[in-house]
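What follows is one structure encoded as structure tokens, with my remarks underneath.
The values are calculated or read from the model by the stated rules, or taken from the named source; none is laboratory data. Predicted model, so just to flag it, every value in this text is computed and none were measured. Don't worry about glycine lacking a Cβ; one is built from the backbone with ideal geometry, like all the others, and counts go over all protein chains shown.
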């Protein structure tokens, strides 16, 4: 492609509304333009990258046995009313009336439409399992669109849906798509993690988020520095892999701790580490009171508490309730001498402490030299705390680190949430009707483009991975008015193009400085500059990412380029 | 692809709402499903065809030097208000409010958005010409959606826009896209014509419609049976290529024609052909009265009359006005003795009549043996009539025929309609600002799929041209319970697939009759049936379109398939 024929408007200034690098660079390099808040046009360069990501997604989805289809963006409200989401989805779902005053939703997602199609067309176990997908613009009326492509109101998404007889079949498809997703993001060059996630409002069970590691991410991930393990910090299990401190159990002793409220204050006052104190918090778990004990340096994860009791509601007891039951306030609770109607449970780590301190259930007093089993009993030890940096990875391999992540993909086991509400059932081998088991699987295609830029840029611009780069090679004619430069550049451009290499040729009448700056900004992986040595047939070849450069004779260019592309 | 894993629901019954073949067959063969009136899902087979058309469009647009981009479907109303189309577009333009009560249009077309982008980014003649395109779902709230994909409310379209310094540059791009469009429809296998069309409401000048010839088309085309010439009947010129009848001019004579009103009645009464009578109609052309004379077998084309006078309004004069001025009613008008304030003009054909008849401007009377020049004068002879079947083609090659057509593409020279209203200007070489000259170019991608089916079907189903067929080869295992059939079918399937052939493999446990019927319905070009002779390694190979069939040994299949695909 000749640059003079392309809509490729670069900017020197950082757009004032662009807070993050991907937004700034994609606008500055002429890849995208805002049409209205949260609505972007992909100009030709941006569209090329978008298509490359789209093609990778399509190839991997096809290879995973999914069928591509396409459903309309306009969806009749009747379908959304069947699942109740017409009311529950909220203002993010854009709604529109047609000329006959019928209500429609603008597709934010397509569970309702695909479930209505499948219930009409599939009625036998013989036609299951089935996985379909589409790549389509989705609409969500974000309250505060921001971060360019990361949180827009119209964005390109790949959404997939699977239908099954049973959970084993769902598991198989889920695993296959897990692999497909891993392949997709790997091929995009991304440093990402498949993260165990909370199923949230979708009503599903198992779910993974695919997170691209990035400082600007809105979610925190706990991941192993050695293995593949990664989870949202809310969801990360902590293994019972502590070692007992060795030493002699000293005699239990009650001490006065006047005005020492927080764990840190008590630890400082008593002169021990935070990890040598025991923290006790009173929770209301549905209709019972539970005293939860952790080490002083750990935090209770109420999702784990909720899951342990399979409870609907988990909340901290009020100070009033605490005083009423325990006869002591928040700062002085402990597991020794707890009333019978209060259950005491403790995090695994508590089991291993030696000569710890804890509140004495008496304001202004603590016990020291507390030892589990000898001094107090618990109903159950369990994993009840948030994971921390430095913890052992739950899979036993490596140490936990934290990172921020950008969610680019999400896979869910939906179960029968939609099929039951919409009456999507199949007849099994015995002729009995059962609701289909469903899964759903999303990738933010345009969001992935932004995530790539977040990971691949430097102070001069973007540094595209070859697989998703808008072009492979950028040929610059430094001075097109000089015949020998223009002619050699054109010859190289034609040669590479005819060899199937994707080449952008800067044939513009611009100063060399402008051309170099634009080229760095755009970030095509390999640059070939035709300049002063054109008359000898020599050009400069520079790799955008590494900055590595060499002078090459024109006759060697195709070899170098081909080798580079083969290695990509 | 294995058919058992595919969402491919075929129907025996014709859907009750489907009036035309493409609608019936695409639904019956499981290519599309209606979600709501005018809104269709493309199931996997339909999506495959859609993608093939899309890919052809993309290749030809790229080859024509256009840049692909993608603009949002949601468009702020402010842009549409700049051109006035927010008010004039009518209820077909779907409108929506966001959560902040801002108004948006759902993209029916993108002139406003692209013009706003280009005016912001391009300001110099150096960056012109520029052609961009996108392939995107469009929304138009048709009053009566019908005919399946032919008139839907959400449909896939390729829309392109070009920007130029001058009309010569526009002409060049227009011609290049004319060629690209011809290539696209030819590659889709279509019998089509590029038709000179009326520019209608878009305010353009030159315009061509690409029409697929089909009985169910809503427009009538006049085309040459020999050359490429084709035009909407309203727009088709008629050449001045008549030959003068030879013979003696007889003496003019006035005759009584009591109660003979129509041209046919007069001709019958006087005993001559319709073509030997002269018809005269009184028109109001803006503020003057014009008597238009044609042969009795011809019809006045008021668009041509309007163009001749460059008039705003052309309408038939009322009977009262006619009586008042001509002293005679509608049935008795003629070009002899016309008042001075009435202009007489005539169609070219009138010049060549000999001894014709015409109204005497006296009720109940006609002249016979009328001869132009001798008996009456006209201000101007011009092309003033509708073209007819049997006329000579205006390009002098062949004879005119009429056909119905489905519009699948449309190219326009827009001029400065949008650029002036939206202030999209560029600086020319002298530093002067001028409005950009624009063109726009559309293809109905989903509509093209329907048009292909209208041309390619028989009584058993669809007969896809190879270039846009969902698969190239359909392998049928007639009885999958028989090991030798299943194994041979799978071997053939794998062999072809590995050779890059697109194969659908019917591995379902269905009766042979069902498989044959489905295969005919789906219409994949080449069918390979593995049946009773599987143990000898023999299969039946059948071409869907021609019905030609032959028994083949498995070792010859790849050769036959490859040869067929090479010839496509």
Practice prompt. Filter the stretch B:535-555 down to residues that are part of a loop (DSSP other than H, G, I, E, B) and out of contact with any helix residue (DSSP H, G or I) (no Cβ under 9 Å at 6 or more places or on another chain) and give me whichever is nearest to residue B:503 (Cα to Cα).
Written response: B:545
Fill in: Criterion violated by residue B:37 - all others in (1) under 25 Å from residue B:215 (Cβ atoms); (2) crowded, with 18+ Cβ neighbours inside 10 Å; (3) more than 8 Å from every other protein chain (Cβ to nearest Cβ) satisfied
(2)
Practice prompt. Only residues that are in contact with a strand residue (DSSP E or B) (Cβ under 6 Å, 6 or more places away or on another chain) and under 14 Å from residue B:100 (Cα atoms): list them for the stretch A:80-94, please.
Written response: A:93, A:94
Worksheet item: Taking the stretch B:95-126 only, how many residues are without any contact (Cβ under 8 Å) to a residue 60 or more places away in the chain, within 30 Å of residue B:171 (Cα to Cα) and within 8 Å of chain A (Cβ to nearest Cβ)?
Response: 5
Worksheet item: If only one of B:178, B:161, B:242 is modelled with pLDDT of 95 or more and in contact with a helix residue (DSSP H, G or I) (Cβ under 6 Å, 6 or more places away or on another chain), which one is it?
Response: B:161
Item to complete: Working carefully through the options A:500, A:390, find the one that is surrounded by fewer than 17 Cβ atoms within 10 Å (Cβ to Cβ), touching a strand residue (DSSP E or B) at 6+ places or on another chain (Cβ under 7 Å) and assigned to a loop (DSSP other than H, G, I, E, B).
Response: A:390
Worksheet item: Which is closer than 19 Å to residue A:348 by Cα and under 35 Å from the mean Cα position of the chain (by Cα), of A:284, A:279?
Response: A:279
Worksheet, complete the sentence: Within the stretch A:132-143, the count of residues that are in contact with a helix residue (DSSP H, G or I) (Cβ under 7 Å, 6 or more places away or on another chain), under 24 Å from residue A:419 (Cα atoms) and at the interface with chain B (Cβ under 8 Å from one of its Cβ atoms) comes to 1
Item to complete: Scan the stretch B:505-531 for residues that are in a helix (DSSP H, G or I), under 19 Å from residue B:492 (Cα atoms) and touching a residue at least 40 places away in the same chain (Cβ under 8 Å) and jot them down.
Response: B:516, B:519
Item to complete: For the stretch B:470-484, name all the residues that are outside any loop (DSSP other than H, G, I, E, B), more than 41 Å from the chain's Cα centre (by Cα) and in contact (Cβ under 8 Å) with a residue 24 or more places away in the chain.
Response: B:477, B:484
Practice prompt. State the number of residues belonging to the stretch B:184-206 that are modelled with pLDDT of 90 or more and either crowded, with 17+ Cβ neighbours inside 10 Å or at positive phi (or both).
Written response: 10
Worksheet item: Here are some residues: A:250, A:279, A:244, A:254. Which one is in a strand (DSSP E or B) and exposed (fewer than 14 other Cβ atoms within 10 Å of the Cβ)?
Response: A:254
Worksheet item: Can you name the condition, by its number, that residue A:17 falls short on among (1) modelled with pLDDT of 95 or more; (2) over 17 Å from residue B:139 (Cβ atoms); (3) away from chain B (no Cβ under 12 Å)?
Response: (1)
Discussion item. With farther than 27 Å from residue A:224 by Cα, crowded, with 23+ Cβ neighbours inside 10 Å and in contact with a strand residue (DSSP E or B) (Cβ under 6 Å, 6 or more places away or on another chain) as the only criterion, which of A:427, A:476 stands out?
Written reply: A:476
Discussion item. Which numbered condition in (1) in contact (Cβ under 8 Å) with a residue 12 or more places away in the chain; (2) more than 24 Å from residue A:243 (Cα to Cα) is the only one that residue A:318 fails?
Written reply: (1)
Response to the item:
Filtering the stretch B:53-76 down to residues that are buried (at least 24 other Cβ atoms within 10 Å of the Cβ), more than 9 Å from chain A (Cβ to nearest Cβ) and either free of Cβ contacts under 8 Å to residues at least 60 places away in the same chain or assigned to a loop (DSSP other than H, G, I, E, B) (or both) yields B:66
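Mind listing whichever residues of the stretch B:82-94 are within 12 Å of chain A (Cβ to nearest Cβ) and buried (at least 17 other Cβ atoms within 10 Å of the Cβ)?
B:93, B:94
Residue-wise test of (1) in a strand (DSSP E or B); (2) within 30 Å of residue B:151 (Cβ to Cβ).
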| site | (1), (2) |
| --- | --- |
| B:346 | yes, no |
| B:362 | no, no |
| B:381 | yes, no |
| B:409 | yes, yes |
Worksheet item: If we scan the stretch B:293-305, do we find a residue that is modelled with pLDDT under 95 and closer than 15 Å to residue B:360 by Cα?
Response: no
Worksheet item: For residue B:442, which of the numbered conditions (1) buried (at least 24 other Cβ atoms within 10 Å of the Cβ); (2) part of a strand (DSSP E or B) fails to hold?
Response: (1)
Fill in: Flag if residue A:50 is modelled with pLDDT of 95 or more, facing chain B (nearest Cβ under 8 Å), touching a helix residue (DSSP H, G or I) at 6+ places or on another chain (Cβ under 8 Å) and crowded, with 21+ Cβ neighbours inside 10 Å
yes
Fill in: Unmet requirement for residue B:558, which otherwise passes all of (1) in a helix (DSSP H, G or I); (2) over 23 Å from residue B:462 (Cα atoms); (3) without any contact (Cβ under 8 Å) to a residue 60 or more places away in the chain
(3)
